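First up is the structure itself, then whatever we jot down about it.
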Amino acid sequence: MVDSNKVYLAVDLGASSGRVLAGIFDGQRLRLQEVFRFTNGPHLAADTMYWNLLGLWQNIQEGLRASQAEFGEQVTSIAVDTWGVDFALLGRHDELLSNPVHHRDQRTAGILEKAFAIVPREEIFAETGLQFMEFNTLYQLLAMQQNQSCILDAAESFLMIPDLMHWLLTGVKANEITNATTTQFYNPKTESWANGLLEKFGLPTDILGELLPPGTDIGCLRPSLQRETGLGSTRVVLPGTHDTASAVMAVPAATPPSAKPDWCYISSGTWSLMGIEVPEPIINATCQSLNFTNEGGVGGTTRVLKNIAGLWLVQECRRIWKRDDRDYSWDQLVDLASSAAPLESLINPDAPPFIAPSNMPKAIQEYCRDTGQTEPDSVGAVIRCALESLALRYRQVLGWLEDLTGSRLETIHIVGGGAQNRLLAQMTADACNRQVIAGPVEATAIGNLMMQAVAAGDVATVQDAREVIRQSFHVEEYAPRHTEQWDAAFDRFKQLVLG
């Protein structure tokens, strides 16, 4: 441990916003300070949905300048984490060939069946262990190929979004492993690119770079950026660049990764990412049939997880009501849901009607009516229906995780913004009949920062970093109650999911 304060900078890019946060570490505890915040999101141009790369880069530089003004020579290192699957292509002389395309762009619509006609689904899963989503990087590249993209033809280098940001910071091109695992052309067994799979699709492999693990120091800031920000030769370190990998590093679990784990996590936000941290990937017929995914974690671990719709359901309800001049705060929605009758109506959160409805409250009501249930007729009833259904979905996924590992998962850790929703946390404890530990809220940034501390040698191991996190941040604990009611509700829920 160090004896004096050090400052690490986390550039944390999300789908709707980005931040530069400082982690101030005194050798025992970590303290967070938000330095700069900015908006993010897709931009539609000529019917293609892009990320605003130059806008993001401008804001990152502004955040770095503000950090230097605040902390000066205390700044030790910088690291960037973002979402997965999206990428940029560089040309022969490192020209950026296009703005990165957003994963929700329509170019991959219907691409899975085209892909399976070339390489069978089972073969793709056996090679990659990844769940099937049509916006995975593999299918984005395949869509470019089938559209005869001149950009793909001219590409010399492939960089995921955080790789691109690290290249802009340092001039070093490398592919960090946790984000590479979201592409569906990474083999978690061999820990290398699945070049043979790409060749079967006729996709280039020479554009792929060196794979580097979290904790790698890739060098110092470009000289021009040193002058621009005033940060000098500050080091740049790879965190778990996939935001969920960093969030899972921040889970304050006392026991290390195991083939027979006793805890699982829910990284809770727009999506709920629910899974386990294990030493080796789980790639078998059961994992494939349940559509779980194997993604890279910190410390050489694997995150076996499933994507669940998450608080998207509530966010969209809130957006629609605000549009109709009913602007509810998050606390108001939770209070109204708390007052509504329990377990009257349920939905399958991952059913197609809830992927992108034009009116989420109406979609929830129509689903309940169409499945012969009581239609939620108030704001509180709609939100309660959504939250209870999420809790029951967590119970279902918990059972599948226990089937995959053959071990009982005693504790559920909820990290991320959704950890602040006390009603959902208690519902999760009740529905799953497990202890729930909620927090820390800023898990992604914390995981990013603590990986920098490990890389600097200020903390010895990931497990030691989790001890720092336990000492530094408040968590809430929830014990299960009223479990009999939830058992009956789960029987009803399973019928909805089975259709």
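Listed values, structure above:
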{"item": "Selected residue (criterion: farthest from A391 (Cα to Cα)) from residues of the range 273-296 that are aliphatic (A, V, I, L, M) and in contact (Cβ under 8 Å) with a residue 60 or more places away in the chain", "result": "I283"}
{"item": "Looking only at the range 162-208, and only at residues there that are of a type in the set (K, R) and under 24 Å from S149 (Cα atoms), the one that is surrounded by the most Cβ atoms within 10 Å (Cβ to Cβ)", "result": "K173"}
{"item": "Among (1) more than 19 Å from the chain's Cα centre (by Cα); (2) closer than 27 Å to E156 by Cα - the single one G63 does not satisfy", "result": "(2)"}
{"item": "Sole residue being of a type in the set (S, T, Y), on the phi < 0 side of the Ramachandran plot and touching a strand residue (DSSP E or B) at 6+ places or on another chain (Cβ under 9 Å), chosen from T270, T286, T241", "result": "T241"}
{"item": "Some residue of the range 405-417 being closer than 30 Å to W263 by Cα and assigned to a helix (DSSP H, G or I)", "result": "yes"}
{"item": "Matching residues, the range 217-238, being touching a strand residue (DSSP E or B) at 6+ places or on another chain (Cβ under 8 Å) and surrounded by 19 or more Cβ atoms within 10 Å (Cβ to Cβ)", "result": "I218, C220, L221, L231, T234, R235, V236, V237, L238"}
{"item": "Flag for V101 being in contact with an Asp or Glu (Cβ under 8 Å, 6 or more places away or on another chain), closer than 30 Å to D153 by Cβ and not assigned by TED's automatic domain parsing to the domain that holds Q288", "result": "yes"}
{"item": "Flag if L96 is within 23 Å of L13 (Cα to Cα) and surrounded by fewer than 19 Cβ atoms within 10 Å (Cβ to Cβ)", "result": "yes"}
{"item": "Which numbered condition D487 fails, given (1) in a loop (DSSP other than H, G, I, E, B); (2) exposed (fewer than 14 other Cβ atoms within 10 Å of the Cβ); (3) modelled with pLDDT of 95 or more", "result": "(1)"}
{"item": "Filter result (buried (at least 21 other Cβ atoms within 10 Å of the Cβ), in a loop (DSSP other than H, G, I, E, B) and at pLDDT 95 or above) within the range 254-269", "result": "P261"}
{"item": "In the range 213-244, the residues that are under 18 Å from L449 (Cα atoms) and among the hydrophobic types (A, V, I, L, M, F, W, C)", "result": "I218, C220, L221, L231, V236, V237, L238"}
{"item": "Selection within the range 36-95 - farther than 18 Å from P239 by Cα, of a type in the set (A, V, I, L, M) and in a helix (DSSP H, G or I)", "result": "L53, L54, L56, A66, A69"}
{"item": "Index of the failed condition, N348 passing every other in (1) in contact with a Pro (Cβ under 7 Å, 6 or more places away or on another chain); (2) assigned to a loop (DSSP other than H, G, I, E, B)", "result": "(1)"}
{"item": "Unmet requirement for Q288, which otherwise passes all of (1) part of a strand (DSSP E or B); (2) of a type outside the set (G, A, S); (3) under 30 Å from A356 (Cβ atoms)", "result": "(1)"}
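The values are calculated or read from the model by the stated rules, or taken from the named source; none is laboratory data. It should be emphasised that the depicted structure is a prediction, and the values quoted were computed from it without experimental measurement. Cβ: placed from backbone, ideal geometry, glycine included. Neighbour counts: every protein chain shown.
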